[in-house]
1. Looking at the structure I just gave you, is residue 252 within 19 Å of the chain's Cα centre (by Cα), free of Cβ contacts under 8 Å to residues at least 60 places away in the same chain and either closer than 27 Å to residue 22 by Cα or surrounded by fewer than 22 Cβ atoms within 10 Å (Cβ to Cβ) (or both)?
2. Pick from the range 84-121 the residues that are part of a helix (DSSP H, G or I) and out of contact with any helix residue (DSSP H, G or I) (no Cβ under 7 Å at 6 or more places or on another chain): which of them is surrounded by the most Cβ atoms within 10 Å (Cβ to Cβ)?
3. Is it the case that residue 227 is at pLDDT below 95 and buried (at least 21 other Cβ atoms within 10 Å of the Cβ)?
4. With the structure loaded, tell me whether residue 242 is at pLDDT 90 or above, surrounded by 14 or more Cβ atoms within 10 Å (Cβ to Cβ) and either assigned to a loop (DSSP other than H, G, I, E, B) or more than 20 Å from the chain's Cα centre (by Cα) (or both) or whether it fails that test.
5. Is it the case that some residue within the range 76-83 is within 16 Å of the ligand (Cβ to nearest atom), over 28 Å from residue 246 (Cα atoms) and either more than 21 Å from the chain's Cα centre (by Cα) or surrounded by fewer than 17 Cβ atoms within 10 Å (Cβ to Cβ) (or both)?
6. What residue, of 132, 160, is buried (at least 20 other Cβ atoms within 10 Å of the Cβ) and under 30 Å from residue 191 (Cα atoms)?
7. What are the residue pairs meeting all of these: first residue in the range 19-30, first residue over 15 Å from residue 294 (Cα atoms), second residue near the ligand (Cβ under 8 Å from one of its atoms) and not in a loop (DSSP other than H, G, I, E, B), Cβ atoms under 7 Å, and 6 or more apart or on different chains?
Ligand code: HEM
């Protein structure tokens, strides 16, 4: 069993990672150096998102969390990193008291306090990575570096676009990206280039990029629940698209872990209903332009082909209305 509805959207627009810079979108190596290295962010929706994430993890534990047994040391490295970042950035919300190996982590927003022995997983209610990740709203994927490639060895994923810890664990970077119709503006095949780029990332110098999609009436789709969400996509019309279709944006961050040499892939997923795009005219115009110009293979791959035309029709109508209004006012 799993439950979903449209409980939340981004309300602080200044923190919404709007994805488009120009009016047409094609795949590219769009990685940029990350300026603010600390991955912990407390948004107005923090509590709602964390509680929802935990509920999904509890409802579908195997789908949403997977790890290989040999990853324990890496999991502790992850726990130490995210707890330290939380305390450094938000000392009023998080505390970490270390008494030798006896650690106590306090989350004052959720009013929780846990004492455990660092390095001894039997003192925690979940595996260390699963436990630590449950305090933050992002998804976390650990890609282990072997043979010039990266392999997905730990995943905690609750806001997925055709992706799950269950489906993807064990896959290499190249296998994961096999289904992506990766043709860039100049026709290059990108998988190799991006993988080589990731190999060069150094500890302490993370990188970032933004990925986007549309979601019809939910925040998360994976292969395991396709029978539930697949038919819902055909319910979208030009009339209801403003409310039910959401611009779904992933702010992705890539950290080289200094002890394990793995790449930690962090996804901050945020949503904006199409009707809210009007709050920023520039966002509305860019999104309308990008969605009117999506190549067929990209629409198919992203799973938006069944309701893209209806979404564009909604934006066109809004655009026409606005232009009429402006003409009347002039
Ligand atoms: C190392 C960490 C990474 C992981 C674990 C990862 C994982 C994924 C997954 C699971 C998908 C969906 C694949 C599917 O359809 O089955 C995907 C898609 C994609 N990935 Fe990655 N990725 C990583 C890094 C990157 C980087 C660094 C880039 C680009 C610079 C990139 C670009 C893309 C693009 C463009 C798509 C298609 C997404 C869409 O159109 O919605 N990925 N990735």
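1. Details: within 19 Å of the chain's Cα centre (by Cα): yes; free of Cβ contacts under 8 Å to residues at least 60 places away in the same chain: yes; either closer than 27 Å to residue 22 by Cα or surrounded by fewer than 22 Cβ atoms within 10 Å (Cβ to Cβ) (or both): yes.
Yes.
2. Keep residues of the range 84-121 that are part of a helix (DSSP H, G or I), which gives 84-89, 121.
Next, only the ones that are out of contact with any helix residue (DSSP H, G or I) (no Cβ under 7 Å at 6 or more places or on another chain) stay: 84-89.
Numbers: 84: 14, 85: 16, 86: 23, 87: 17, 88: 12, 89: 15.
For the range 84-121, the residue satisfying everything is 86.
3. Details: at pLDDT below 95: yes; buried (at least 21 other Cβ atoms within 10 Å of the Cβ): no.
For residue 227, the condition - at pLDDT below 95 and buried (at least 21 other Cβ atoms within 10 Å of the Cβ) - is not met.
4. Details: at pLDDT 90 or above: yes; surrounded by 14 or more Cβ atoms within 10 Å (Cβ to Cβ): yes; either assigned to a loop (DSSP other than H, G, I, E, B) or more than 20 Å from the chain's Cα centre (by Cα) (or both): yes.
It is true that residue 242 is at pLDDT 90 or above, surrounded by 14 or more Cβ atoms within 10 Å (Cβ to Cβ) and either assigned to a loop (DSSP other than H, G, I, E, B) or more than 20 Å from the chain's Cα centre (by Cα) (or both).
5. Within the range 76-83, not a single residue is within 16 Å of the ligand (Cβ to nearest atom), over 28 Å from residue 246 (Cα atoms) and either more than 21 Å from the chain's Cα centre (by Cα) or surrounded by fewer than 17 Cβ atoms within 10 Å (Cβ to Cβ) (or both).
6. Details: 132 fails: under 30 Å from residue 191 (Cα atoms).
Criteria check complete, one pass: 160.
7. 29/194; 29/197; 30/209
Residues are listed down the side, and each one gets a yes or a no for (1) closer than 21 Å to residue 220 by Cα; (2) more than 14 Å from the ligand (Cβ to nearest atom):
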| site | (1), (2) |
| --- | --- |
| 265 | yes, no |
| 295 | no, no |
| 298 | yes, no |
| 327 | no, yes |
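The values are calculated or read from the model by the stated rules, or taken from the named source; none is laboratory data. None of the values given here were measured: they were computed from a predicted structure. Here the Cβ is made from the backbone with ideal geometry for all residues, glycine too, and neighbour counts use every protein chain on show.
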